[in-house]
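Reading through the structure tokens given below for one structure.
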Amino acid sequence: MRLGQRNNRSVLRTVGQAIIALVFLFPFYWAIVLSVAPKSKVFTLPPDLIPGWDFHPWEEVFKAAPWGLYFLHSVIITGSTILLVLITGATAGYALSLSTFRGREVVFGIFLAALMVPPEAILIPDYVVAYHLHVLNSLTGQVLPFAANVFAIFIFRQFFKTLPKEMWDAAQLDGASWWRYLWNLALPLSKPAVATVSLLTFSSQWSQFQWPLIITQGQAARPIEVALSYFQGFDGTHWRELAAASILTLTPIIIVFLFTQRYFVVSVAGRIDDRESSVAMGPRNQ
């Protein structure tokens, strides 16, 4: 009886997960359908959920903007931001978790309070700073405001706190400094945290629209997301072309998530994977 109940729960859980997955995948599927739908079926009710074979919107998308240049800009901006966020997040999280100094918890509380500040509230100060630093209409101006991330600091802090204190004691006996311990031992063991921060930073930075639209002009430094605005004008919104362009911008995020989802789940669960945990706990157990 218990085995039957367990099987029923497993089936219900699988069905529930499938339904949730379909709900989240439907907008992406609908964008695909809309991007190849005939123009006459865009506003039909009920909507036609079967994809058509009109690829004219895709042709218009590739003619409307230099996607290769915008894609290169997005790669440079996103890659640079991820690198800086990993450095600032790891060092700050390390200091707030393993080192001891007066007011540490107060500093951490201030960082958490910064999470409640909406980005729109600091949009004008960011623009003024970028203007005085002469980084408007540049790739640098799109990286600097996001070089440090409070959520990344929080993730690294929480992960570093799970490392056994005996690891630091053993490193001290070997003459390791705080910095050497961080870069040679703590950070290599924090692959789930690194993957999670990289994924979240990639997702948020790749999809940045408002800030690049404000500080850039022309094609000199605009990322791929800004190209979506080309299909919204005074003559209305070109929904089929907008759907096709949205698929182009979303595909890299989906690919990156597929390769990093395991580390993301492990980091959210707040544990080290079994192989790395055995390495970390080995000296203490021997």
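In the list (i) 16; (ii) 37; (iii) 29, the label attached to percent of Cα pairs over 35 Å apart as derived from the coordinates here is (ii).
Once the Cα-Cα distance is subtracted from the 0.36 nm per residue extended length, the V117 to L72 segment shows a gain of 13.1 nm. For K39, the lysines whose Cα comes closer than 21 Å to its Cα, not counting residues fewer than 8 places off in the same chain, are K63. A Förster radius of 25 Å, combined with the Cβ-Cβ distance separating W183 from V107, puts the computed FRET efficiency at roughly 0.70.
Residues V33, V23, V61, V197 in ascending order of nearby Cβ atoms (within 10 Å, fewest first): V23, V33, V61, V197. Across the chain, Cα pairs under 8 Å and at least six residues apart give a relative contact order of 29 percent. Hydropathy first: keep DSSP H helices in the chain averaging at least 1.0 on Kyte-Doolittle, then drop any whose Cα extent along the axis falls short of 18 Å, and list what survives. Helix filter hits for the chain: 67-97, 239-269. As a proxy for reagent exposure, ranking Y230, Y94 by other Cβ atoms within 10 Å from fewest up yields Y230, Y94. Counting 0.36 nm for each residue step from T251 to S204 and taking away their Cα separation leaves a gain of 15.5 nm.
With helices as the sole contributors, the chain gives -21000 deg cm²/dmol at 222 nm; each DSSP H run of n ≥ 4 counts as -39500 (n - 2.57), and the sum is divided by every residue. The F62 and Q219 beta-carbon pair, evaluated with R₀ = 25 Å, returns a calculated FRET efficiency of approximately 0.95. Structural descriptor for region 14-60: relative contact order 35 percent, calculated from alpha carbon pairs under 8 angstrom and at least 6 residues apart. This ranking places I155, I32 by how few other beta-carbon atoms lie within 10 Å of each, fewest first, which gives I32, I155.
Rule-based calculations on the coordinates, nothing more; no lab input. Predicted model only: the values in this text are computed from it and were never measured. We place every Cβ from the backbone using ideal geometry, glycine too, and count neighbours over all the protein chains shown.
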